[in-house]
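**Student:** Let me begin by handing over the structure; questions about it come next.
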Amino acid sequence: MWATGEAYEPYVGRWSRLVADRFVRETAAPGGGRWLDVGCGTGAVTRAVLDLARPAAVVGVDPSRGYVDYARRHIVDRRARFVLADATRLPFPDATASVAVSGLVLNFVPDPARAAAELARVVVPGGRVGVYVWDYGQGGMEAIRAFWDAAVALDGEARTRDEGTRFPLCAPGPLGELLAGAGLEDVEVEEIRVPTAFADFDDYWTPFLGGQGPAPAYLSQLPGEHRAELRERLRAALPRAADGSIPLHARAWAARARRRAD
Ligand SMILES: C[S@@+](CC[C@H](N)C(=O)[O-])C[C@H]1O[C@@H](n2cnc3c(N)ncnc32)[C@H](O)[C@@H]1O
């Protein structure tokens, strides 16, 4: 599902960068810190930290070799490095990061509580932990929501693949409870909403053919006829502006907290 950075960028990367910028700006950590970006993918959050947070260092961590290679090729900065690793087994000693963040990742980790405990473990006392996930429900990440609504209308079985059904973590209550459950304090949850405007239907549809993430993975295994039916259903269902563009929005839920100061 997560292998080819070039295919991820037009699918989610172009929108995740907008959310990452907002998230990092609003995290308001002091400059000079050591940041950890867990599930860094192609580097959206790392890029935002480098550009906006004046860090001393940023380490991006991801288990996808393809994404880490992409990030290494595209982010050439002496303050940044990238490591292949899993969120539930971070290869860092206790209390070594000032800020540990993770964007659009934790719902994909089979044991998110363990990942949250790892984020809490690696930050210094008083350090910040911040995470965010897409809201896959109605009014959330509308591009992906529209896909699953059309897919389920054609194939009831698709419901079991629908990210809105599969990921109960992607809501404000459960996300805040995840950080509190890791022993973190001062937990705050807020929404980050960004515009996701597609130039035309091809701009919307073509990135779904790239195989990155659950919806493109589902699409890739459909017979050609069924795939075409889904495409045409979406073409008819999506809203259009007067210029033919498709004006959608995406909402992420962000939770921030602090490790207790010793
Ligand atoms: C939707 S992408 C988000 C990437 C990036 N953070 C962004 O905002 O664009 C999900 C990422 O989670 C990573 N991932 C999946 N399972 C993981 C795990 N167990 N530990 C760490 N990262 C994981 C994937 O490799 C992928 O890079």
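**Student:** Could you give the distance between the Cα centres of the range 179-220 and the range 1-38, to the whole Å?
**Tutor:** If we compute the Cα centre of each part, the gap is 12 Å.
**Student:** If you add up the charges near ALA252, with Lys and Arg at +1 and Asp and Glu at -1, over every other residue whose beta carbon is less than 11 angstrom from its beta carbon, what do you get?
**Tutor:** Details: positive: ARG22, ARG193, ARG251; negative: ASP135, GLU190, GLU191.
Net local charge, ALA252 excluded: 0.
**Student:** As an exercise, use a Förster radius of 35 Å and the Cβ-Cβ distance of HIS226 and ASP69 to find the FRET efficiency, rounded to the nearest 0.05. Could the numbers behind the result be given before it?
**Tutor:** Numbers: r = 33 Å, r/R0 = 0.95.
The calculated FRET efficiency here is 0.60.
**Student:** What spacing in nm lies between the two simple spin-label points modelled at LEU154 and ARG166, each 7 Å away from Cα in the Cβ direction?
**Tutor:** For the pair LEU154/ARG166, the computed spacing is 1.8 nm.
**Student:** Next question, about the same structure. Residue by residue through the range 143-153, which ³J(HN,Hα) values in whole Hz follow from phi under the Karplus form 6.51 cos²θ - 1.76 cosθ + 1.60 (θ = phi - 60°), with glycine and proline marked x?
**Tutor:** Values, residue by residue: 5, 7, 4, 4, 4, 5, 4, 6, 5, 5, 4 Hz.
**Student:** Something else: Which residues does a label at ARG89 reach in the range 107-134, if reach means a backbone N under 15 Å from a point 7 Å past the Cα toward the Cβ?
**Tutor:** 110-111, 114-115, 118
**Student:** Shifting gears a bit: Rounded to whole Å and ordered largest first, report the semi-axes of the equivalent ellipsoid of the range 6-98 derived from its Cα gyration tensor (root of 5λ). Could the numbers behind the result be given before it?
**Tutor:** Working: eigenvalues 73, 57, 26 Å².
Square roots of five times the eigenvalues give 19, 17, 11 Å.
**Student:** Dipole of the range 56-150, Cα-centred, from +1 at each Lys and Arg C-beta and -1 at each Asp and Glu C-beta, to the nearest 20 debye?
**Tutor:** Dipole of the range 56-150, to the nearest 20 debye: 440 debye.
**Student:** Output ³J(HN,Hα) for the range 154-168: one whole-Hz value per residue in order, computed from phi by the Karplus curve 6.51 cos²θ - 1.76 cosθ + 1.60 with θ = phi - 60°, and x for Gly and Pro.
**Tutor:** 8, 8, x, 4, 5, 4, 6, 9, 4, 5, x, 8, 6, 10, x
**Student:** If you average the C-alpha positions of the range 121-169 and of the range 62-110 separately, how far apart do those two centres end up, in angstrom?
**Tutor:** 20
**Student:** Using a cut-off of 14 Å between beta-carbons, work out the net charge of the residues near THR42 (Lys and Arg +1, Asp and Glu -1, THR42 not included).
**Tutor:** Numbers: positive: ARG14, ARG17, ARG47, ARG65, ARG72, ARG73; negative: GLU6, GLU9, ASP37, ASP62, ASP69.
Residues close to THR42 contribute a combined charge of +1.
**Student:** What is the sum of charges, Lys and Arg at +1 and Asp and Glu at -1, for the other residues whose Cβ falls under 15 Å from the Cβ of VAL189? Don't skip to the end; give the middle numbers.
**Tutor:** Details: positive: ARG22, ARG128, ARG193, ARG251, ARG256, ARG258; negative: GLU26, ASP135, GLU177, GLU185, ASP186, GLU188, GLU190, GLU191.
Net local charge, VAL189 excluded: -2.
**Student:** Efficiency by 1/(1 + (r/R0)^6): what FRET value for ARG79 and HIS249, r their Cβ-Cβ distance, R0 = 30 Å, to the nearest 0.05? Display every interim value, and only then the final one.
**Tutor:** Values: r = 33 Å, r/R0 = 1.09.
In this case the efficiency is close to 0.40.
**Student:** Before rounding to the nearest 500, sum -39500 (n - 2.57) across all DSSP H runs of length at least 4 in the chain and divide by the residue total; then give [θ] at 222 nm in deg cm²/dmol. Display every interim value, and only then the final one.
**Tutor:** Numbers: 11 runs with 101 residues, N = 262.
Result for the chain: -11000 deg cm²/dmol, rounded to the nearest 500.
**Student:** While we're on this one: For the range 32-76, calculate the relative contact order in percent as a whole number, restricting contacts to Cα pairs under 8 Å that are 6 or more residues apart. Spell out each step's value before the answer.
**Tutor:** Values: 61 pairs, mean separation 20.8, N = 45.
RCO, the range 32-76: 46 percent.
**Student:** What is the spin-label model distance, in nm, from ALA261 to ALA113 if the labels are put 7 Å beyond Cα along the C-beta direction?
**Tutor:** In this crude label model, ALA261 to ALA113 measures out at 3.0 nm.
**Student:** Can you find, among LEU179, VAL124, ALA254, the residue farthest towards the positive end of the dipole of the range 5-258? Put +1 on the C-beta of Lys and Arg, -1 on that of Asp and Glu.
**Tutor:** Value computed over the given set: VAL124.
**Student:** Here's something else I'd like to know. Could you list which residues have their amide H under 5 Å from that of ALA97, counting only those 5 or more apart in sequence or on another chain, with H placed in the peptide plane?
**Tutor:** Residues meeting the amide H criterion: VAL123, VAL124.
**Student:** Name the long-range amide H neighbours of PHE198: under 5 Å, sequence gap of 5 or more, or other chain; modelled H, no Pro or chain starts.
**Tutor:** Under 5 Å from the amide H of PHE198 lie the amide H atoms of ILE246, LEU248, each far enough along the sequence or on another chain.
Each value in this text was obtained by applying a stated rule to the coordinates, not by laboratory testing. Since we're looking at a predicted model, the values are computed, not measured. For neighbour counting, all protein chains shown are included, and Cβ atoms are generated from backbone atoms with ideal geometry for every residue, glycine included.
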